[in-house]
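Below is one structure, written out as structure tokens; comments come after it.
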Amino acid sequence: MRQAKSMILAQNMLRLVLSNRLTRLFVVAVLPFVGVVAAFGIAPHTIIDQPAVSKVIEEVALPGLVATADTDEAFWREERIQRGDTVAALLSRLQVNDPEAEVILRNTRETKMFRQLVPGRAIRAKTTADGKLHALRYLNNNSVFSAERGPNGITILEQPAELEQRTQMQSGVIRSSLFAATDAVNLSDAVAIQIADIFSTDIDFHRDLRKGDRFTVVYETSYHLGDAVRTGRVLAAEFINQGKTYQAVYFQNAEGQGGYYTIDGKNIRKAFLRSPIEFSRISSGFSNARFHPVLQQWRAHKGIDYAAATGTRIKATADGVVEIAGRQGAYGNLVVLRHQSKYTTWYGHLSGFANGMRKGVRVTQGDVIGYVGATGLATGPHLHYEFRISDVQQNPLQVVMPSAPPITADQKPVFEAATQPMAQRLALLRGINTARLD
């Protein structure tokens, strides 16, 4: 009934306003709004009556006020050490506001470890809301140094760090050098040096690297409270050099002697390393006729010269006994090692000797025996290296080096059980890298 009345009312209004021209113009302007009103008026199931509204006021019981923060409650904060940081700067960033603690940390002799700040390492402080220091902890090398507040004041402590060992994997591609490739994938120089050492008897890293060579490495890393502390031993590695694949896995026998072997148990270590310097370049090769830059005459050059910066480490290329360690004419500072009965290696122009280098001392392959220099008859810093068999100089880059003993038959089952997981990791990474290339 109400809807019918609304319709009739709307129709009467239209008749009235259309009776003259002026009102027709008015209708043009307001018709859309009238239509909307009419449309709303006739929509089915529309409730026209306004609901009754009443105001209700009711008292609500409020809970107790939230307690303010306890100023004695302590919180842990952490900051990363930045280059150039001081203890005062770190304490400020850690929001320590404790003059007594600051004086102790600056002046007490036992806190000198806090002044040996390594950029990138974490330092943690436990403080109250108003900045009072309860504890400060910092990991340096294998020790955790801490300052702990107790009933009698602040005590300085040094404790062994609880380290967690993790096995990690990484791979890379040679674009220019091994160091550049490891840097590109965030591998430490320690890993790069180990890779070079492992494959040094098969690959000459001075001459043999090519753009596009690839490497894969499985290695250990020590962590403390989630922070990487140091890189450990390489457990397995693969290097593809000029299309040829070299693999190595680490194995330690029951007597505690460890070394690197191929997947099938062959010892990758040769009796002699190809080079006594990790990374360098050959400035003068083995020759029967070379123009001597100092003597200004043609003469034989029965060794290999490696150009390197003064102080570069020189390694023993094989196990042996020191036969000479001293000054020897044109050689300058010289080390001579005897290996077995007929082999000797000569290392000349050294700037200095490693600690303990003297006649009769035994050295192991890879031990540092001295440092590159320019003593004797030399125009600049380099190492003159000779390889002699029965005291006759031979070209060390061409002599076929004998291999070290392989895994014995009785050790083979233990070797396979220990190294297969590492071999599988290498295969997994190789498959991932192949998929990326595809």
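The values are calculated or read from the model by the stated rules, or taken from the named source; none is laboratory data. Fair warning: this is a prediction, and the values are worked out from it, not measured in the lab. Note that we place each Cβ from the backbone using ideal geometry, even for glycine, and neighbour counts take in every protein chain shown. Just so you know, the surface numbers come from the protein's heavy atoms only, side chains and all, with ligands and any DNA or RNA stripped out. Shrake-Rupley method; radii C 1.70, N 1.55, O 1.52, S 1.80 Å.
Just one of the numbered conditions (1) open to solvent by less than 40 Å² (accessible area, probe 1.4 Å); (2) under 21 Å from Gln242 (Cβ atoms) is not true of Ile123: (2). Among the residues of the range 357-379, write down those that are part of a loop (DSSP other than H, G, I, E, B), under 16 Å from Leu334 (Cα atoms) and open to solvent by less than 40 Å² (accessible area, probe 1.4 Å). If the condition is that a residue be part of a loop (DSSP other than H, G, I, E, B), under 16 Å from Leu334 (Cα atoms) and open to solvent by less than 40 Å² (accessible area, probe 1.4 Å), then Met357, Val361, Val372, Thr375, Gly376, Ala378 are the ones that fit. One residue alone among Glu102, Glu79 is part of a helix (DSSP H, G or I), of a type outside the set (Val, Ile, Thr) and modelled with pLDDT of 80 or more, and that residue is Glu102.
Mind listing whichever residues of the range 380-398 are open to solvent by less than 50 Å² (accessible area, probe 1.4 Å), under 23 Å from Lys270 (Cα atoms) and in contact (Cβ under 8 Å) with a residue 60 or more places away in the chain? Walk me through how you get there before you give the answer.
If we filter the range 380-398 for residues that are open to solvent by less than 50 Å² (accessible area, probe 1.4 Å), which is where we start, we get 380, 382-389, 395-397.
Retained after the next criterion (residues that are under 23 Å from Lys270 (Cα atoms)): 383-389, 395-397.
Answer for the range 380-398, where residues must be open to solvent by less than 50 Å² (accessible area, probe 1.4 Å), under 23 Å from Lys270 (Cα atoms) and in contact (Cβ under 8 Å) with a residue 60 or more places away in the chain: Leu383, His384, Tyr385, Glu386, Phe387, Asn395, Pro396, Leu397.
Which of the residues that make up the range 289-322 are modelled with pLDDT of 85 or more, under 18 Å from Phe387 (Cα atoms) and part of a loop (DSSP other than H, G, I, E, B)? Can you show your working first?
Initial filter on the range 289-322 (modelled with pLDDT of 85 or more): 303-322.
Imposing the further condition that a residue be under 18 Å from Phe387 (Cα atoms) reduces the set to 303-307, 314-322.
Of everything in the range 289-322, those that are modelled with pLDDT of 85 or more, under 18 Å from Phe387 (Cα atoms) and part of a loop (DSSP other than H, G, I, E, B) turn out to be Gly303, Ala316, Thr317, Ala318, Asp319.
Scanning the range 204-227 turns up no residue that is of a type in the set (Val, Ile, Thr) and open to solvent by 20 Å² or more (accessible area, probe 1.4 Å).
Hey, can you tell me all the residues within the range 141-160 that are among the charged types (D, E, K, R) and exposed (fewer than 12 other Cβ atoms within 10 Å of the Cβ)?
If we filter the range 141-160 for residues that are among the charged types (D, E, K, R), which is where we start, we get 148-149, 158.
Glu158 - this is the single residue of the range 141-160 that is among the charged types (D, E, K, R) and exposed (fewer than 12 other Cβ atoms within 10 Å of the Cβ).
Within the range 181-202, residues that are on the phi < 0 side of the Ramachandran plot reach partners that are part of a helix (DSSP H, G or I) and surrounded by fewer than 20 Cβ atoms within 10 Å (Cβ to Cβ) with beta carbons closer than 7 Å, at six or more positions or on different chains, in the pairs Asp189/Phe179; Ala192/Phe179.
For the range 403-425, the condition of being buried (at least 19 other Cβ atoms within 10 Å of the Cβ), part of a loop (DSSP other than H, G, I, E, B) and in contact with a helix residue (DSSP H, G or I) (Cβ under 9 Å, 6 or more places away or on another chain) holds for at least one residue.
For the range 344-356, the set of residues classified as buried (at least 16 other Cβ atoms within 10 Å of the Cβ), part of a loop (DSSP other than H, G, I, E, B) and of a type in the set (S, T, N, Q) consists of Ser351 only. Flag: Arg166 matches the condition of being out of contact with any Lys or Arg (no Cβ under 6 Å at 6 or more places or on another chain), open to solvent by 60 Å² or more (accessible area, probe 1.4 Å) and within 30 Å of Leu209 (Cβ to Cβ).
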